[in-house]
Amino acid sequence: MDEKPHRLYRKLPQVGELLDAAQAATLPSCHSREFVTDATRAVLARIREEIKAGGHTEESLDRCLEDIVKNIESEIRILLQPSLRRVINATGVILQTNLGRAPLSEAAVRRVAEIARGYCNLEMELATGERSRRDVHVEALLLNVLALRTRRAMGALAETHGAAIVNNCAAATFLALNTLAEGGEVIVSRGELVEIGGGFRIPDILRKSGAILREVGTTNRTRIADYTAAIGPNTRLILRVHRSNFRIEGFTECPSLRELIQLGADASIPVFEDQGTGCMVALDEFGITNESSWPDSAISGATLVACSGDKLFGGPQCGILVGTRSVIDRLRANPLFRALRVDKLTYAAMEATLLAYLTGDLESVPILSMLRLSAETIRERCEVWVEALRSSRISAETMPTRSVVGGGTTPSASLPSFAVALRHPELSESALAARLREFDPPIVARVSDGRVLLDLRTVPAVEDRDLVELLRAAFGEKVRPVNEAG
Ligand SMILES: *Cc1c(COP(=O)(O)O)cnc(C)c1O
């Protein structure tokens, strides 16, 4: 056997020695000795592997050992780096599932922190000290908000309706199908047998719920008569799925929700709408037409309506169910309801978000304030960025672009916007975008036509100064040609 690796191995310090050296150096004393020992072992093991693979000479090993405390420190930094990190969304896609969908309002964040820190009356009625249900914390408020948004008297909806929340809209749909249609048939248009994303396919969830799919119509055209003809003794439910992420254009037809509700009423069959987006405000003012309104659905006379909490509603991840009192009671009595329930933090964030809608403080809901930002305001911010980056080595210019609403609104829903378009003298656009994701906080940008676009609609204005500084620090000063004046 070759003697040389043995000599190299013998140069490696003992863990104990290294620990003393590391402790004496800059390692923070807040880390336990066990943790630092593990990190040290990991670094030594890596060097041993390198020696084994023939990757070291005596000199390279000496150099490596000189830096070993630094390596232990960086090992520790990597181990302590949170996996879930705050990022700057400069894609201009307002609702992006990959980036955590809706940011919460300040009020919601404060409420979450306040409730998280201690105990709360999650399932206790304070007046009597008796046990209560957790869903009381949003039910009345939610129904009042829906009444308000549909210009009905406060409390008008509470007489006939109930509401409950579960983990997400997929869970809400699953619970609804299982509760209302297990063992029976559910009538759905072939144009609505969709995949919402992330593996949520209507036919699959329907099967798993124990219901039997009864498809009617064709992909592009389904008439009310198709539904009528499909009704039989085993029919339990009529399902309407909002076409959130695609559009069928051209020779198309599908009955309105109102027609389905009429049919359901005539045949004594409940109608369930998976509305999806939870859109609370008319989007017409942003040039987005025909977007389904959740409050309108909720009061439409449908037996039950489900939507997401973290799409256009702008709240925490959850699935919101609003329906007739008796149906909501049946959902609550289903043992699955317990398995799909949400925690106190979700209730805290939901309550705060609903209060913003109740008081009309829509500007405090980040999704809505981003929707409302004018292109002109965004352009002015872009100009400030461009000006501040003028002396840096990346070139920046203001460019018109379109922001995308995303998150299950019609796919064509987009808003005029502006972006800071970046180009680096040496890096390709995708390499530059990758560099931006290494920032702290990482910046997620869009790549288009040889440039990296930062659409500032989805970047909070309070971040502008810090982000510009990050860019300037990362890319440094331009080497100024001698003939450039000023
Ligand atoms: C987004 C969406 C869902 C899934 O909602 P999650 O809250 O992500 O579970 C279901 N149905 C429709 C119509 C949607 O738009």
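The values are calculated or read from the model by the stated rules, or taken from the named source; none is laboratory data. Treat the numbers as computed from the prediction; the structure is a model and nothing was measured. Ideal geometry is used to build each Cβ from the backbone, glycine not excepted, and the neighbour counts take in all protein chains shown.
Of the numbered conditions (1) touching a residue at least 40 places away in the same chain (Cβ under 8 Å); (2) loosely packed, with under 14 Cβ neighbours inside 10 Å; (3) more than 28 Å from Leu362 (Cα to Cα), Leu177 fails exactly one; give the number of that condition.
(2)
When you check Gly118 against the structure, is it within 16 Å of the ligand (Cβ to nearest atom), under 28 Å from the mean Cα position of the chain (by Cα) and at pLDDT 95 or above, yes or no?
no
All but one of (1) part of a loop (DSSP other than H, G, I, E, B); (2) on the phi < 0 side of the Ramachandran plot; (3) out of contact with any helix residue (DSSP H, G or I) (no Cβ under 7 Å at 6 or more places or on another chain) hold for Ala153; which doesn't?
That leaves (3) as the condition not met.
Which members of the stretch 271-309 meet the condition of being of a type in the set (Gly, Ala, Ser), touching a Leu at 6+ places or on another chain (Cβ under 6 Å) and crowded, with 22+ Cβ neighbours inside 10 Å?
Within the stretch 271-309, Gly278, Ala298, Ala306 meet the criteria.
Just one of the numbered conditions (1) away from the ligand (no atom under 16 Å from the Cβ); (2) within 30 Å of Gly406 (Cβ to Cβ); (3) in contact with a Ser or Thr (Cβ under 8 Å, 6 or more places away or on another chain); (4) polar (S, T, N, Q) is not true of Asn168; which one?
(1)
So which residues in the stretch 192-210 are in contact (Cβ under 8 Å) with a residue 12 or more places away in the chain and either within 13 Å of the ligand (Cβ to nearest atom) or among the aliphatic types (A, V, I, L, M) (or both), if there are any at all?
Glu192, Leu193, Val194, Ile196, Gly197, Gly198, Phe200, Ile202, Ile205, Leu206, listed by residue number.
For Tyr227, which of the numbered conditions (1) among the aromatic types (Phe, Trp, Tyr); (2) modelled with pLDDT of 95 or more; (3) closer than 21 Å to Gly314 by Cβ fails to hold?
Evaluating Tyr227 over (1) among the aromatic types (Phe, Trp, Tyr); (2) modelled with pLDDT of 95 or more; (3) closer than 21 Å to Gly314 by Cβ leaves (3) as the failure.
How many of the residues making up the stretch 202-220 are of a type in the set (D, E, K, R) and either assigned to a loop (DSSP other than H, G, I, E, B) or surrounded by 14 or more Cβ atoms within 10 Å (Cβ to Cβ) (or both)?
Residues flagged as of a type in the set (D, E, K, R) and either assigned to a loop (DSSP other than H, G, I, E, B) or surrounded by 14 or more Cβ atoms within 10 Å (Cβ to Cβ) (or both) within the stretch 202-220 amount to 2.
Of the residues that sit in the stretch 251-268 and are among the polar types (S, T, N, Q) and exposed (fewer than 15 other Cβ atoms within 10 Å of the Cβ), which one is farthest from Val241 (Cα to Cα)?
Going through the qualifying residues, I end up with Ser268.
Kindly list the number of the only condition in (1) within 26 Å of Glu477 (Cβ to Cβ); (2) in contact (Cβ under 8 Å) with a residue 60 or more places away in the chain that fails for Asp440.
Status for Asp440: all satisfied but (2).
Do we have Pro103 as touching a helix residue (DSSP H, G or I) at 6+ places or on another chain (Cβ under 9 Å) and of a type outside the set (A, V, I, L, M) here?
yes
Report the residue count in the stretch 148-165 for those that are within 16 Å of the ligand (Cβ to nearest atom) and either closer than 14 Å to Thr359 by Cα or among the acidic types (Asp, Glu) (or both).
Residues in the stretch 148-165 being within 16 Å of the ligand (Cβ to nearest atom) and either closer than 14 Å to Thr359 by Cα or among the acidic types (Asp, Glu) (or both): 0 in total.
Tell me, which strands (runs of 3 or more DSSP E) wholly within the stretch 376-481 include 1 or more residues that are in contact with a Cys (Cβ under 9 Å, 6 or more places away or on another chain) and surrounded by 14 or more Cβ atoms within 10 Å (Cβ to Cβ)?
395-406, 414-423, 451-455
Select from the stretch 99-147 the residues that are surrounded by fewer than 12 Cβ atoms within 10 Å (Cβ to Cβ), of a type outside the set (Phe, Trp, Tyr) and more than 20 Å from Leu354 (Cα to Cα) and list them in ascending order.
Hits for the stretch 99-147 are Arg117, Gly118, Leu126, Ala127, Thr128, Gly129, Glu130, Arg131.
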